[in-house]
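Since the structure comes first, as structure tokens, the remarks are kept for the end.
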Amino acid sequence: MKLLVLASISARRKTLLKQLGLQFIVVPSLVEERLNPRLKPRGQAEALSLQKAEAVEKKYRENKNHDQCVIIAADTIVTIDDEVLNKPKGEKEAMQMLRRLSGKRHSVITGFSLIDIDSKKIITKSVETLVYFRKLSEREIREYVKREKVYDKAGAYAVQGIGATFIEKIEGDYSNIVGLPLHAIALELRRFGVSVL
């Protein structure tokens, strides 16, 4: 049986992967997230996920740890009108992001990478989900930023909890918005001999 390694400290990604019933360990990648503005949003998410996966792969190769493992890494970005909304750096920026999203459609793109250490096989893909926000009041935006932990979330919101009340509809994979597109990842894990059923 291959060991699965989640290259993330995200509690949301850990919770999602647990839903597949797979055994895995968490090894943070600790990669500094820097977007490449020359790449389109999908390319940016894919490139960051690959950097994270490769950082953990390097740790395993240096320590000659488990050859029979598959590393899973992901990066989620939010885009609106071809502009990437990163994680907000402060309250003001978080509020500006939510104002931009208010009453509009935006994309949530998660790039993910899988690396089989033994075969050196690498898969990097991305999934896009369209999210439609209702119109938000200034009071809602202010209160949400005050009450919720928005600074570690692209676009300054989470679809779980109170953030769910902002959403009118979703086109695509819900788990992708949370941070790990389970359907796509389960399909790709099969290529490495890892099945959820």
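The values are calculated or read from the model by the stated rules, or taken from the named source; none is laboratory data. Quick caveat: nothing in here was measured; it's all calculated off a predicted structure. All Cβ positions, even for glycine, are placed from backbone atoms using ideal geometry, and neighbour counts span all protein chains on display.
Scan the stretch 163-197 for residues that are under 19 Å from T124 (Cα atoms) and either part of a helix (DSSP H, G or I) or under 13 Å from the mean Cα position of the chain (by Cα) (or both) and the total you get is 17. Are any of the residues in the stretch 27-42 hydrophobic (A, V, I, L, M, F, W, C) and under 17 Å from C69 (Cβ atoms)? Within the stretch 27-42 (the criterion being hydrophobic (A, V, I, L, M, F, W, C) and under 17 Å from C69 (Cβ atoms)), the answer is yes, since at least one residue qualifies.
Matching residues to (1) under 18 Å from the mean Cα position of the chain (by Cα); (2) touching a residue at least 24 places away in the same chain (Cβ under 8 Å):
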residue: A7; (1), (2): yes, yes
residue: R12; (1), (2): yes, yes
residue: Q23; (1), (2): no, no
residue: S29; (1), (2): yes, yes
residue: Q51; (1), (2): yes, no
residue: K58; (1), (2): no, no
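The set of residues in the stretch 28-39 that are surrounded by fewer than 20 Cβ atoms within 10 Å (Cβ to Cβ) and either under 20 Å from I117 (Cβ atoms) or in contact with a strand residue (DSSP E or B) (Cβ under 9 Å, 6 or more places away or on another chain) (or both) comprises P28, L30, V31, E33, L35, P37. Of the residues making up the stretch 70-96, not one is without any contact (Cβ under 8 Å) to a residue 24 or more places away in the chain and either under 19 Å from V178 (Cα atoms) or among the hydroxyl-bearing types (S, T, Y) (or both). Output yes when any residue across the stretch 138-151 is under 17 Å from the mean Cα position of the chain (by Cα) and surrounded by fewer than 16 Cβ atoms within 10 Å (Cβ to Cβ), and no when none is. Yes.
Which residue, of K135, K169, K104, is touching a Ser or Thr at 6+ places or on another chain (Cβ under 7 Å) and surrounded by fewer than 21 Cβ atoms within 10 Å (Cβ to Cβ)? Outline the logic, then answer.
Values: K169 fails: touching a Ser or Thr at 6+ places or on another chain (Cβ under 7 Å); K104 fails: touching a Ser or Thr at 6+ places or on another chain (Cβ under 7 Å).
Answer to the selection: K135.
The criterion of being free of Cβ contacts under 8 Å to residues at least 60 places away in the same chain and of a type in the set (D, E) does not hold for E128.
For the structure I just gave you, tell me whether K2 is closer than 16 Å to L189 by Cα and of a type in the set (D, E, K, R). So K2 passes the test.
Taking the options K104, K58, K92, name whichever one is out of contact with any Leu (no Cβ under 8 Å at 6 or more places or on another chain) and either farther than 30 Å from R142 by Cβ or modelled with pLDDT under 95 (or both). Break it down into steps so the answer makes sense when it comes.
On the way: K104 fails: either farther than 30 Å from R142 by Cβ or modelled with pLDDT under 95 (or both); K92 fails: either farther than 30 Å from R142 by Cβ or modelled with pLDDT under 95 (or both).
After applying the criteria, what remains is K58.
Sort through E188, E171 and tell me the only one that's closer than 30 Å to D118 by Cβ and out of contact with any Pro (no Cβ under 8 Å at 6 or more places or on another chain). Give the steps one after another, and end with the answer.
Numbers: E171 fails: closer than 30 Å to D118 by Cβ.
Checking each option against the conditions leaves just E188.
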